[in-house]
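Q: Take a look at the following structure, please.
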Amino acid sequence: MKAFILFITMLVANFTFAQQDIEERGDNNIAEVNKNLLKIDIKQPLLQVAVKNCNDFKPAGFEGGVLVYKETLRKFMLDYLNSDFYVLNGDFTFTITIDQTGKVTDIEGSPKVANSSYFFDDMKYVVRRIKKDWIPASCNGHPVTSQVKIKMNISSISTDL
């Protein structure tokens, strides 16, 4: 009977210590070895594409102004871009289409370079995360669809940890 109790005690102890978390043991072989840091410079002013045959064009605006949009976009880029999966260096231009209700309906990026499609997909996600609507552009007093061009310079700095 003593041997049986000893056997059960050792079995329970074995399973108890076997459930210890890998991170607590300190022998985790998986480690993050590099990190990309982004430097984002969004150029100002944001450029608007005017509507043809319009005598009284008023460009689209953002609640709080261009500086608020610029800082919000920069913050969201730093928060939501998966910059560990691609290296970015250079000038990029994004064209945002704003419909008559002030909603962003399309985002296009350029120039197209190697693996830029991943970055452009991430930027579509970033722009759509900004929940505030735009004030739509107007032509002769009527809201119209317009495009806003955002130019930015992005530099990735890769570091080993």
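The numbers here are math on the coordinates, done by the rules we state, and not lab data. All of these numbers come straight from a predicted model, not from anything done at the bench. Methodologically, a virtual Cβ is constructed for each residue, glycine included, from the backbone with ideal geometry; neighbour enumeration extends over all protein chains shown.
Q: If you plug each phi of the range 65-72 into the Karplus form 6.51 cos²θ - 1.76 cosθ + 1.60 with θ = phi - 60°, what whole-Hz ³J(HN,Hα) values come out, in order, with x for Gly and Pro?
A: Here the 3J(HN,Hα) series is x, 5, 4, 5, 5, 4, 5, 5 Hz.
Q: Amide H neighbours of VAL144 under 5 Å, at least 5 residues apart or on other chains, H built in the peptide plane: list them.
A: Answer set, sorted by chain and number: ALA137, SER138, CYS139.
Q: What is the Rg over Rh value, at two decimals, for the range 30-158, using alpha-carbon atoms and the Kirkwood definition of Rh?
A: Reported Rg/Rh, Kirkwood definition of Rh: 1.03.
Q: Given the Cα-Cα distance of VAL68 and ILE40 and 0.36 nm per residue of separation, how much length would full extension add, in nm?
A: Values: separation 28, 0.36 × 28 = 10.08 nm, distance 1.54 nm.
Gain on stretching VAL68 to ILE40: 8.5 nm.
Q: Would you calculate the separation in nanometres between label points at LEU6 and LYS75, each defined as 7 Å from the Cα along the Cα-to-beta-carbon direction?
A: 6.6 nm
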